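The structure appears right after this line, and notes come after that.
The values are calculated or read from the model by the stated rules, or taken from the named source; none is laboratory data. Because the structure is predicted, anything quoted here is derived from the model rather than measured. Positions of Cβ are generated from backbone atoms using ideal geometry, with glycine treated the same way; all protein chains shown enter the neighbour counts. We work out accessible area using only protein heavy atoms, side chains counted, and drop any ligands, DNA or RNA first. Shrake-Rupley method; radii C 1.70, N 1.55, O 1.52, S 1.80 Å.
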Amino acid sequence: MHPDDRETLRRLLRSASTQQSPWVRLQYLPQHEGWHQLVAQTRRIQLGYGGPERLFGVVRDDTKQEKRREKAQAALTAERQRAKDVAEFSSALITAATEQELQQVVLTRLAATFGASGALLALVDEGRLHIATDAGITMREADVMHGMSLDHPSPLPEAIRTGRSLFIRDREDYFRRWPHGAEFPRLGRLGSDYAVSIMPLIEAGNQPLGGWLVTYGSGHRPSLDERTLVGTLADLAGQALRRIRLQQARVELAAALQKTMLPTLPEHLAGLEVVARYRPSRDGLDIGGDWYDAFVMPDGAIALEIGDAQGHDVDAAALMGQVRLSMRAIAAQEPDPGTVLTRTNELLVTMEAARFASCTMLHLDPRDGLVTGASAGNVPVLCAREDGSHRIRELPGGPVLGVVPDTEYREETFTLDEDSALVMVTDGVVEGPGLTLEAGLERVGRLAGAALHDGLNAEETADRILDSAVAVDHLDDVAVLVIRRT
């Protein structure tokens with residue numbers, strides 16, 4: 001026994017109780033193995049009437065279970081850290097006010113956030129690349145790309161020129177695709193020691209801005225979800241860079257970034273129409289924290305979310321971006337809506353965010369219409385049917401995100417019938433100076449039911465709801481998400 005546990009074991013063996021003792025943890029060292037984690041329990045029993053007393057004990061070896069628990073705890077800790085790093089990265093990109101600040105954000109955070117060995121940032125100036133690197137890639141190694149023409153037949157200028165991300169896993173892949181590419185020093189170790197991921201920094205309809213290159217060492221290969229997330233951040237960096245170069249005010253930058261944070265919804269979903277609408281506030285800085293999102297999960301289900309970050313300013317837009325990106329990152333590992341809200345709440349509480357956010361998240365299986373949902377202080381969901389009827393469904397859950405620590409968000413499961421629709425809204429749609437929440441929900445429910453009864457599709461239904469909200473003295477920013485099962 002471990003010296004620290006010997007007295008505990010002696011007390012257990014000397015027990016005179018005829019009741020079962022509590023389980024006691026002990027450390028035990030077998031002859032040819034490392035320390036084992038044991039738990040033991042005893043009970044004193046008399047054998048027969050007037051017979052002798054004997055001490056019976058049960059010993060269980062929890063070594064493997066303890067290792068599994070430690071492994072699971074380490075994975076959870078890593079997941080929380082990744083979500084926190086992504087949120088901080090996106091927030092720093094949003095608030096960068098100069099090219100130097102943007103460069104510092106990328107080179108200090110990019111490799112560390114995604115477990116990479118090094119990062120390089122290339123910005124386009126008069127058709128040529130200007131390179132900056134972090135500590136993982138020296139400028140001597142990257143010098144061959146500094147000043148390179150955007151037309152050069154190499155992967156970095158190609159990604160920037162075409163706006164398409166690239167992943168190079170080995171040397172053979174490189175020479176097959178770029179036989180006349182630049183001979184940069186690490187090329188010889190491609191595949192055996194590291195891989196390369198390249199993401200362009202772009203803004204639709206504008207000239208190429210630049211890109212970043214990330215190297216992965218020690219055999220690490222990023223997953224498709226991870227590369228997609230890196231690409232999302234690259235899009236965000238591209239928006240920031242464009243606004244910086246045009247010397248826009250910080251508020252104008254935040255307004256443009258908010259539009260990019262509201263994602264392009266998946267198209268051509270079998271048996272589903274998913275449509276969103278957003279309109280900013282008429283008050284204050286004309287920007288806000290409302291958001292929506294919809295994306296396909298690995299199991300084929302559709303994740304749907306809508307929410308509202310507190311405020312109508314730059315900080316609200318920044319928090320909205322943090323929450324949406326964090327929920328996407330968490331949902332890739334933990335698809336249950338209640339778990340996603342729980343982990344997101346833990347992240348915001350840990351960050352000591354000055355704002356809070358309300359949110360509803362649904363997990364919809366398009367094959368059978370099964371819906372699992374949870375809410376963090378958001379307004380109820382509306383279910384509309386083809387016969388013109390509707391139902392207000394108030395989901396279980398908990399308080400708004402970022403306020404109460406250790407909150408567990410409960411879920412509810414229900415079925416969305418064919419030729420029916422779910423309508424998810426933020427509070428600006430159903431509340432106003434002359435409109436109570438109850439009256440607003442009834443109004444939207446009637447509008448949605450009538451739209452389905454009139455044979456309108458999801459696009460027309462969403463437009464009808466949004467136009468009605470604007471007509472009733474709309475002051476807050478508003479978001480509408482309509483999901484119709486066909």
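Which residue, 452, 361, 56, has the largest displacement toward the positive end of the dipole of the chain when charges sit on each Cβ (Lys, Arg +1; Asp, Glu -1)? Projecting each Cα onto the dipole axis, the largest value belongs to 56. Between 350, 268, 209, the Cα set farthest toward the positive side of the dipole of the chain (charges on each charged residue's Cβ, about the Cα centre) is that of 350. Three principal axis extents describe the C-alpha atoms of region 309-414; from largest down they are 46, 30, 21 Å.
For region 45-77, backbone nitrogen atoms closer than 15 Å to the point 7 Å from residue 33 Cα along Cα-to-C-beta are found at 59-68. For region 1-84, the Kirkwood radius over C-alpha pairs fed into Stokes-Einstein at 10 °C and 1.306 mPa s yields D = 103 µm² per second. Here region 406-486 is treated with +1 on each Lys and Arg Cβ and -1 on each Asp and Glu Cβ, and its dipole about the Cα centre works out to around 260 debye. Taking all protein chains as they are arranged and a probe of 1.4 Å, the heavy atoms of residue 436 leave approximately 80 Å² accessible to solvent. On the beta carbon distance between residue 457 and residue 436, with R0 = 30 Å, the FRET formula returns roughly 0.50.
From Cα pairs below 8 angstrom and at least 6 apart in sequence, can you work out the relative contact order of region 310-458, rounded to a whole percent? Don't jump to the answer; show the numbers that get you there.
Values: 272 pairs, mean separation 35.0, N = 149.
Computed value for region 310-458: 23 percent relative contact order.
Given +1 on the Cβ of Lys and Arg, -1 on the Cβ of Asp and Glu, and no further charges, what dipole in debye does the chain carry about its Cα centre, rounded to the nearest 20? All intermediate terms of the calculation are to be shown ahead of the outcome.
Working: 52 positive and 70 negative charges, 442 e Å.
Rounded to the nearest 20 debye, it is 2120 debye.
At an R0 of 56 angstrom, the distance between the Cβ atoms of residue 41 and residue 149 translates into a FRET efficiency of 0.15.
Between residue 415 and residue 299, the contour length at 0.36 nm per residue exceeds the Cα-Cα span by 40.0 nm. Note on residue 139: accessible area is roughly 80 Å² with a 1.4 Å probe, heavy atoms of protein only. Take every Cα pair under 8 Å whose residues are at least 6 apart in sequence, average their separation, divide by the length of the chain, and the relative contact order is 11 percent.
From largest accessible area down, sort 453, 2, 32; use a 1.4 Å probe on the protein chains. Kindly include the intermediate steps, with their values, before the conclusion.
Details: 453 115, 2 45, 32 160 Å².
Order by accessible area, largest first: 32, 453, 2.
In terms of solvent-accessible area of protein heavy atoms at a 1.4 angstrom probe, what is the ranking of 292, 28, 49, 278, highest value first? If you can, show how the numbers build up before the last one.
Values: 292 25, 28 95, 49 235, 278 50 Å².
Listed by decreasing accessible area, they come as 49, 28, 278, 292.
The list [x] 2.38; [y] 1.09; [z] 1.23 gives values of Cα Rg over 2.2 N^0.38 Å, and only one came from this structure; which label was calculated from it? So the calculated entry is the one marked [z].
Accessible surface of residue 63, taken over heavy atoms with a 1.4 Å probe and every protein chain present, rounds to 20 Å².
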